[in-house]
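The values are calculated or read from the model by the stated rules, or taken from the named source; none is laboratory data. Keep in mind the model is a prediction, meaning the values are calculated, not measured. Neighbour counts are summed over all protein chains in view; Cβ atoms, including those assigned to glycine, are modelled from backbone coordinates with ideal geometry. All accessible areas refer to the heavy atoms of the entire protein, side chains included, with ligands and DNA or RNA removed. Shrake-Rupley method; radii C 1.70, N 1.55, O 1.52, S 1.80 Å.
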Amino acid sequence: MKKIVFWLNRFVVVYGIIMLSTFFMCLMFNPSSELPVVSFFGRCILFTLVCMATLIVYYSGSELTFRGWWIRTILHTVLLEAVLLPLAHHWEFWYGPLDGIIYAGFILAAKILWHLVGFGRSIRTATQINEQLLRRQSCQEQGGD
């Protein structure tokens with residue numbers, strides 16, 4: 001059950017990032033656009049599922065080294081660009097070469113935002129673990145005295 005909650009949480013974060021990116025792209029480059037809501041949200045859900053599928057790059061039987069993590073992060077970024085740009089072009093999210101470059105920039109910015117969110121969660125988890133360890137240590141010191 002924890003794995004399902006974990007992946008649902010990730011799905012919501014990725015979907016939110018995609019929606020924010022799309023909002024800012026439309027706001028900056030086509031503020032008068034009108035989107036067909038149902039098909040747009042459906043495409044964003046499919047986009048999110050594609051993004052989630054590309055996370056397979058990070059799968060490893062053992063813990064990744066720092067170097068291994070960076071290699072997979074670069075590979076994942078290239079994979080995201082290679083998969084999402086043609087799909088977005090097919091769905092007419094962008095049209096010309098300049099639009100494609102801008103869209104690629106938004107994909108990269110979304111990837112960075114994803115890592116910042118993950119980093120923030122890791123810091124919060126590390127803080128909670130450290131607090132528990134300090135409590136345990138103080139309980140052991142009080143019991144041992």
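Annotations for the structure displayed:
- Given (1) free of Cβ contacts under 8 Å to residues at least 40 places away in the same chain; (2) closer than 22 Å to F119 by Cβ; (3) surrounded by fewer than 13 Cβ atoms within 10 Å (Cβ to Cβ), index of the condition I4 fails: (2)
- Of all residues in the range 87-145, those being of a type in the set (K, R) and over 30 Å from F41 (Cα atoms) number 3.
- Reported count of residues in the range 106-145, each being without any contact (Cβ under 8 Å) to a residue 60 or more places away in the chain and of a type in the set (F, W, Y), is 1.
- Single residue of G100, G61 found to be within 27 Å of N9 (Cα to Cα) and of a type in the set (G, A, S): G61
- Here E131 meets each of (1) surrounded by 15 or more Cβ atoms within 10 Å (Cβ to Cβ); (2) over 30 Å from M19 (Cα atoms) with one exception, condition (1).
- Residue match in the range 129-139 (condition: at negative phi, in a helix (DSSP H, G or I), small (G, A, S) and modelled with pLDDT of 90 or more): no
- Of all residues in the range 25-65, those satisfying the criterion of being open to solvent by 40 Å² or more (accessible area, probe 1.4 Å) and aromatic (F, W, Y) are F29, F41, Y58, Y59.
- Annotation: of all residues in the range 88-98 being part of a helix (DSSP H, G or I) and open to solvent by 60 Å² or more (accessible area, probe 1.4 Å), the one that is farthest from N30 (Cα to Cα) is H90.
- Single condition T22 does not satisfy, out of (1) surrounded by 13 or more Cβ atoms within 10 Å (Cβ to Cβ); (2) outside any helix (DSSP H, G or I); (3) hydroxyl-bearing (S, T, Y): (2)
- For the range 73-87, filtering for residues that are β-branched (V, I, T) and open to solvent by 40 Å² or more (accessible area, probe 1.4 Å) leaves 3.
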